[in-house]
1. Kindly state, to the nearest 0.05, the FRET efficiency for GLU18 paired with GLU46, given R0 = 41 Å and r defined as their beta-carbon distance.
2. So how strong a dipole does the stretch 1-64 carry about its Cα centre when Lys and Arg Cβ are +1 and Asp and Glu Cβ are -1, to the nearest 20 debye?
3. Can you figure out the FRET efficiency of ILE61 with ALA82, using R₀ = 30 Å and their beta-carbon distance, to the nearest 0.05?
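Every read-out reported here was derived from the displayed coordinates using simple, explicitly stated rules and does not represent laboratory data. Because the structure is predicted, anything quoted here is derived from the model rather than measured. Counting neighbours? That spans all protein chains shown, and the Cβs are built from the backbone with ideal geometry, glycine included.
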Amino acid sequence: MNTTAVHIDTQLYNSAAEYARRQHTSVDKVLEGLIMALPKEDMTKEKPKLKRPTHFSPALIQLVGAAKTANTNPNDINGDEARWEYLKEKYNL
């Protein structure tokens with residue numbers, strides 16, 4: 001079996017050593033078990049690309065419609081003018 005050195009924080013190693021001692025095993029076996037438990041995924045495969053939905057639910061269409069404003073001003077980036085107009089109308093200013 002080939003061996004490899006792993007550099008980790010001293011406190012982390014001490015915690016692993018204490019855990020291994022309580023389990024009546026070695027740090028090497030603990031790390032080996034953890035690594036063996038990792039998911040076996042083929043890292044060479046491309047992740048599948050998400051497909052764009054071809055239709056939208058009526059609830060989503062209503063939400064998008066509610067977000068649209070009738071009178072939009074491209075210069076009003078953060079909506080201050082629209083908010084001011086709304087407040088003027090609401091409070092008869």
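1. So, using R0 = 41 Å, E works out to roughly 0.45.
2. 400
3. With a Förster radius of 30 Å, E is 0.85.
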